[in-house]
Ligand SMILES: Cc1ncc(COP(=O)(O)O)c(C=O)c1O
């Protein structure tokens, strides 16, 4: 038994893994694998329908928004969003909170005018910018709700009349969201949803069809809406596993119950980091992510030894991202409170021996 703290691809519930494995051998007692049936067959259409309706149910999404499961990672959305929403002469505002936000900015600059209205680059992205103006003329404001690499998270979203577009790849389904604030949300699957390679897109229908550029069918949200996420062959396995994970979230009591669990996990871990004399976190208090907890040792020389002790206790995937160093514990929805306590016990023992 391992406690999986990888940032992504990341931990999924054990029961989801088991059901997914079984469906590869024999799906719905059909005598066929999920991987070898037509995506147009009734059993798979039912999977896609259930996946889309579970997203709507879990996030309380009404009829103004459409739910899509698209191929390609979240990075595809860095281009697809401005292609579909931003005219060549239009202006979009972006907040630069690190690597993924910067990648989104670079791609958007190919399609229209982009203003970086705030950035936390000055402190290696260890906080969420707060003081900035959002001029009302922007077509949209793009945010990255959770910054996987640095461990920062928007706890609230800016109050503005400008429509919000948000990359929620690493905190989708971790807390309730007010969908009416967003024209578009996208999330790669590989943290809280399923296998890498499928991306959830939630888009307000009335935000589409306003740009003058011509789009290839696969790059046009409207084509995917018309095709009910089946314009081409969808990544069937990824959609199936995502659907199973959403069923699991629903069985846990939905995203409100999941958020309560996530709050417990993150406060157990941050309290230990703050209490323990050997460790610290560079992330500003109010911006600390409930999904990715970034922390360091005051004495860097002890890093390999700490990782060794973690591994002995079954805790894996704790290396920090190379641009931050130290450690990162990703405690996504499927991580148990018990798993976090195993990690904090290792930290306590470490302090007792080396403090
Ligand atoms: C917040 C965020 N956005 C985007 C991405 C890129 O996702 P993908 O690899 O699916 O393109 C990641 C990957 O970790 C991420 O954490």
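For this structure, a couple of remarks:
- Any hit, the stretch 31-48, residues being surrounded by fewer than 20 Cβ atoms within 10 Å (Cβ to Cβ), modelled with pLDDT of 95 or more and under 22 Å from residue 146 (Cα atoms): no
- Lone unmet requirement of (1) in a loop (DSSP other than H, G, I, E, B); (2) more than 29 Å from residue 220 (Cβ to Cβ); (3) away from the ligand (no atom under 13 Å from the Cβ) for residue 110: (2)
- Scanning the stretch 124-153 for residues that are free of Cβ contacts under 8 Å to residues at least 40 places away in the same chain and either under 17 Å from residue 105 (Cβ atoms) or not in a loop (DSSP other than H, G, I, E, B) (or both) yields 125, 129, 132, 145.
- Any hit, the stretch 102-125, residues being over 28 Å from residue 214 (Cα atoms), at pLDDT 95 or above and in contact with a helix residue (DSSP H, G or I) (Cβ under 7 Å, 6 or more places away or on another chain): no
- Residues satisfying the stated conditions in the stretch 212-233, i.e. surrounded by fewer than 22 Cβ atoms within 10 Å (Cβ to Cβ) and outside any helix (DSSP H, G or I): 212, 213, 214, 215, 216, 220, 227, 228, 230, 231, 232, 233
- Near pairs, Cβ below 7 angstrom, 6+ apart or cross-chain, from the stretch 50-68 (closer than 15 Å to residue 182 by Cβ) to any residue that is modelled with pLDDT under 95: 59/177; 59/179; 60/179; 61/179; 65/179; 68/229
- Selection of helices (runs of 4 or more DSSP H) fully inside the stretch 1-94 by the criterion of at least 1 residues being touching a helix residue (DSSP H, G or I) at 6+ places or on another chain (Cβ under 6 Å) and farther than 29 Å from residue 136 by Cβ returns 14-25, 42-59.
- Per the listing 209, 194, the residue uniquely outside any strand (DSSP E or B) and touching a residue at least 40 places away in the same chain (Cβ under 8 Å) is 194.
- Considering residues of the stretch 261-294 that are assigned to a helix (DSSP H, G or I) and either under 18 Å from the mean Cα position of the chain (by Cα) or modelled with pLDDT under 95 (or both) only, the residue surrounded by the most Cβ atoms within 10 Å (Cβ to Cβ): 265
The rows are residues; the columns are (1) without any contact (Cβ under 8 Å) to a residue 60 or more places away in the chain; (2) outside any loop (DSSP other than H, G, I, E, B); (3) at positive phi.
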residue	(1), (2), (3)
305	yes, yes, no
309	yes, yes, no
321	no, no, no
325	yes, no, yes
332	no, no, no
340	no, yes, no
347	no, yes, no
353	yes, yes, no
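For every residue, the table says whether it meets (1) closer than 30 Å to residue 87 by Cβ; (2) within 11 Å of the ligand (Cβ to nearest atom); (3) over 14 Å from the mean Cα position of the chain (by Cα).
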residue	(1), (2), (3)
136	yes, no, yes
142	yes, no, yes
156	yes, no, yes
159	yes, no, yes
166	yes, yes, no
178	yes, no, yes
191	no, yes, no
195	no, yes, no
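- Some residue of the stretch 234-251 being assigned to a loop (DSSP other than H, G, I, E, B) and in contact with a strand residue (DSSP E or B) (Cβ under 9 Å, 6 or more places away or on another chain): yes
- Looking across the stretch 326-338, the residues that are over 14 Å from residue 263 (Cα atoms) and buried (at least 20 other Cβ atoms within 10 Å of the Cβ) come down to 327, 328, 329.
- Test result for residue 94, surrounded by 22 or more Cβ atoms within 10 Å (Cβ to Cβ), over 15 Å from residue 165 (Cα atoms) and either touching a residue at least 60 places away in the same chain (Cβ under 8 Å) or within 16 Å of the ligand (Cβ to nearest atom) (or both): no
The values are calculated or read from the model by the stated rules, or taken from the named source; none is laboratory data. Just so it is clear, the structure is predicted and the values come from calculations on it, not from any experiment. Positions of Cβ are backbone-derived with ideal geometry, glycine not excepted, and every protein chain shown enters the neighbour counts.
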